[in-house]
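Everything on this sheet refers to the single structure shown next.
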Amino acid sequence: MKKNLKITPEGMKDFLFAECSAMDDVCGKIEKVFTKGGFKKVITPGIEFYDIFSMECSGIDQQSMFKSVDNKGRLLVMRPDSTLPIARMVSSRLKNSIMPVRLYYKQAVYRNNPTLMGRRNEFMQMGVELLGVKGKRADLEVLSTAIRAIMSVADDFRIELGHAQVFNALISEIDIDEDFKEKIRVTIEGKNYSALNNLLDKLEPCKAVTAIRSLPSLFGGDEVFDKATELCSGTKAVDALNYLHTLYDSLKTLGLGDKLIVDLGLVQRNDYYTGFVFCGYISGIGDAVLSGGRYDDLLSEFDAPMGAAGFAIDTDAITEKLLSDKNTSYTDVPDVLVYANDGAEIKAINAVAGMQKNGINARFCVLETLEEAKAFAEKMGIDKVQIIG
């Protein structure tokens, strides 16, 4: 048993030194964006009742949850998502608040990834939730906050924008069961053209089937709306397209250029999102580091119906990217090591404080002899040893 005490569980990770500094840097920059936007920090329990995440609209596979039981036999889970606990909290502790409510969080979530595929079972997330309001202004506030957040930690990024009701409106016109709908959604989300065509070939040809077949390829700028409107004419998807176009036109004034992309193949969690959806990508990271959208039906599950939208950021992925960037350094090596002769310890500590106040990266030496101090400085690459007293 003892031989395993020094090993972390598979899918978990210790963070050391520069990693912690990089994470503090990333989270600090994002947090500044949130607080300036008037979002207030909340923390939800790391352990919640399973029932909160077992709803069909949660979009979380029960096999991906870490489960346990309490001393009363009730099923518990380690928090696999932050939005659902916040919805629970708002529906109870904040139900009498003046709406809208602006909330943000910074906390770990836990997902059981049996195959891992490079993903950890525990990862840090930051995000915002804007609750108690609907409409274009609220959607633009969420989107612009997300853009400012990703801009605070990366220069080379892109935002992909879609609308859940484009797919939902089209698929509702086809007489198929929910399992078949989900298979179609998954193939579109993965841009698996071959699998999508195989599924759609089993259906009677109609306008909705033709439009759905084209969704993964409707990716780009303004031209996407012309193509999509033609394909979806006469269906309820046109209303969603028109609204998405107004959001896109508004966001273009931020001067994002080709960083803003329309993606009608963005069909996340069919039973969760009800309006606009979006993802954010950073150069050098394959998976999306940011995702979110509007989910107006979720709070109804907690008997508190209200408009809601938000997003989450994978700060772990961004941290790893910064650490791999050769132009970014998170060294903890000080510029000056301050050594105190006997009796001058407090004077030296005060000297260090004064240097730090003036922007000098100084550190008090806790070693007993000057020889030890100089040897330590040489090993650490500290340029200067200053003797006090």
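Seen against the Cα atoms of the chain and their longest principal axis, helix 315-324 is set at about 60 degrees. Within straight-line reach of residue 384, meaning a Cα separation under 24 Å, sit the following lysines at least 8 residues removed in sequence or on another chain: 347, 357, 374. Which aspartates and glutamates have a Cα less than 18 Å from the Cα of residue 13, not counting those fewer than 8 places away in the same chain? Excluding near neighbours in sequence, the set is 24, 122, 314, 316, 320. Look at the dipole of the chain built from charges on Cβ: of 174, 260, 125, the Cα furthest out on the positive end belongs to 125.
Among the aspartates and glutamates, which fall within straight-line cross-link reach of residue 191, defined as a Cα-Cα distance under 15 Å, with same-chain neighbours fewer than 8 residues apart omitted? List returned: 160, 182, 263, 287. For the chain, the solvent-accessible area of protein heavy atoms averages 52 Å² per residue (probe radius 1.4 Å; ligands and nucleic acids excluded). Using a probe radius of 1.4 angstrom, the carbon and sulfur fraction of the accessible surface of the chain is 50%. The charge dipole of region 40-135, taken about the Cα centre with unit charges on the Cβ atoms of Lys, Arg (+1) and Asp, Glu (-1), comes to about 380 debye, rounded to the nearest 20. Of the candidates 187, 83, 328, which one comes out as most mobile in a Gaussian network treatment of the chain with C-alpha springs shorter than 10 Å? Answer for the Gaussian network model of the chain: 328. How tilted is helix 223-232 with respect to the longest principal axis of the chain? Cα atoms for both, answer in degrees (0 to 90, nearest 10). With rounding to tens, the tilt is 40 degrees. Counting only Cβ charges, +1 for Lys and Arg and -1 for Asp and Glu, the dipole size of the chain around its Cα centre is about 820 debye.
Checking every one of the trypsin sites (Lys or Arg not before Pro) in region 285-389 against DSSP loop status and a limit of 11 other Cβ atoms within 10 Å picks out 326. Shown here: Rg and Dmax of the Cα atoms in Å, derived from the displayed model; of the candidates (1) 25.7, 91; (2) 19.8, 62; (3) 20.0, 66, it corresponds to (1).
The values are calculated or read from the model by the stated rules, or taken from the named source; none is laboratory data. Every value quoted in this text rests on a predicted model; they were computed, and no experiment measured them. A quick note on method: Cβ atoms are made from the backbone with ideal geometry, for glycine too, and the neighbour counts reach across all protein chains shown. Areas reflect the complete protein model, heavy atoms only, side chains present, ligands, DNA and RNA absent. Shrake-Rupley method; radii C 1.70, N 1.55, O 1.52, S 1.80 Å.
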